[in-house]
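Asker: Quick one: this structure, given as structure tokens, is what I'll be asking you about.
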Amino acid sequence: MVEPKSNDICQVRCFNVELVAQVNEALPGDDLLEDAQILFGALADRSRLKILYALSRGEELCVCDVAALLEIKIAAASHHLRKLRDLKILKYRNDGKLAYYSLKDRRVTEILRYALSQLAE
């Protein structure tokens, strides 16, 4: 059985060659797009969003405090924090038995707050 052709698929390779070339030149570089992909991937999880929002105040939070904030187990909080640290979004420091996390780059705060304010409108 042959499926009918869909109307939403172009039958032409490229219609507006000049426009495609202009847009292609304006595209950010692959390194910048990769950084954006990493950031937006981190923001794609509700728990990590909450962590980043909590840290956006500029203060450090201990793993156990993050667990209490999110009402999850310490191991789960640690997993999320480690993921954000591995993505180079958070930095951490040890103080005895405690591990404190903070934002590595304040631009994350700006992006997060902007996105949330736009969605709230």
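Asker: At 0.36 nm per residue, minus the direct Cα-Cα distance, what do Arg13 and Arg82 gain on full extension? Give it in nm, one decimal, please.
Answerer: Roughly 20.4 nm would be gained on extension.
Asker: Here's something else I'd like to know. Report the trypsin sites (Lys or Arg not before Pro) located in segment 13-87 that are in a DSSP loop and have at most 13 other Cβ atoms inside 10 Å of their Cβ, or state none.
Answerer: Here the sparse-neighbourhood loop sites are Arg13, Arg57, Lys73.
Asker: Please report the carbon-and-sulfur percent of the accessible area for segment 1-112; probe 1.4 Å, protein heavy atoms only, DNA, RNA and ligands left out.
Answerer: 53 percent
Asker: May I pose another question? Is it possible to state the helix-based mean residue ellipticity at 222 nm for the chain, with each DSSP H run of 4+ residues giving -39500 (n - 2.57), the sum divided by total residues, to the nearest 500 deg cm²/dmol? What is it?
Answerer: -17000 deg cm²/dmol
Asker: Given the options Leu55, Leu39, Leu19, which has the most mean-square fluctuation in a GNM of the chain, springs set between C-alpha atoms less than 10 angstrom apart?
Answerer: Residue with maximal mean-square fluctuation among Leu55, Leu39, Leu19: Leu19.
Asker: Right, here's the next one. Relative contact order (percent) for segment 16-121, with alpha-carbon contacts under 8 angstrom and 6 or more residues of separation?
Answerer: Values: 86 pairs, mean separation 26.2, N = 106.
Answer for segment 16-121 is 25 percent.
Asker: Plugging the Kirkwood radius over Cα pairs into Stokes-Einstein for segment 5-54, at a temperature of 25 °C and a viscosity of 0.890 mPa s, what D comes out in µm²/s?
Answerer: This corresponds to a translational diffusion coefficient of 171 µm²/s.
Asker: Next up: Want the number for Val20 to Glu71: 0.36 nm per residue separation, take away the alpha-carbon distance, what's left? Mind dumping the intermediate values first?
Answerer: On the way: separation 51, 0.36 × 51 = 18.36 nm, distance 4.85 nm.
Taking 0.36 nm per residue and subtracting the Cα distance, the gain is 13.5 nm.
Asker: Between Leu81, Ala42, Leu61, whose Cα lies farthest towards the positive end of the dipole of the chain when Lys and Arg beta carbons carry +1 and Asp and Glu beta carbons carry -1, centred on the Cα centre?
Answerer: Positive-end residue among those listed: Leu61.
Asker: Leaving out ligands and nucleic acids, and using a 1.4 Å probe, what accessible area per residue does the chain come to in Å²? Walk me through the intermediate numbers first.
Answerer: Numbers: 9670 Å² over 121 residues.
Spelled out: the 1.4 Å probe surface of the chain, per residue, equals 80 Å².
Asker: Among (1) 13, 47, 32, 7, 1; (2) 12, 44, 36, 7, 0; (3) 11, 33, 22, 15, 12, 7, 1, which is the computed P(r) over Cα pairs in 10 Å bins from 0, in percent?
Answerer: Matching the structure shown: (3).
Asker: Which of the lysines could a cross-linker span from Lys83 if the Cα-Cα distance has to be under 27 Å and same-chain partners fewer than 8 positions apart are dropped?
Answerer: Cross-link targets: Lys50, Lys73, Lys91, Lys97, Lys104.
The values are calculated or read from the model by the stated rules, or taken from the named source; none is laboratory data. Everything numeric in this text was worked out from a predicted model, so none of it was measured. Virtual Cβ from ideal backbone geometry, glycine too; neighbours counted across all protein chains shown. Side chains included, ligands, DNA and RNA excluded: accessible areas come from the protein's heavy atoms. Shrake-Rupley method; radii C 1.70, N 1.55, O 1.52, S 1.80 Å.
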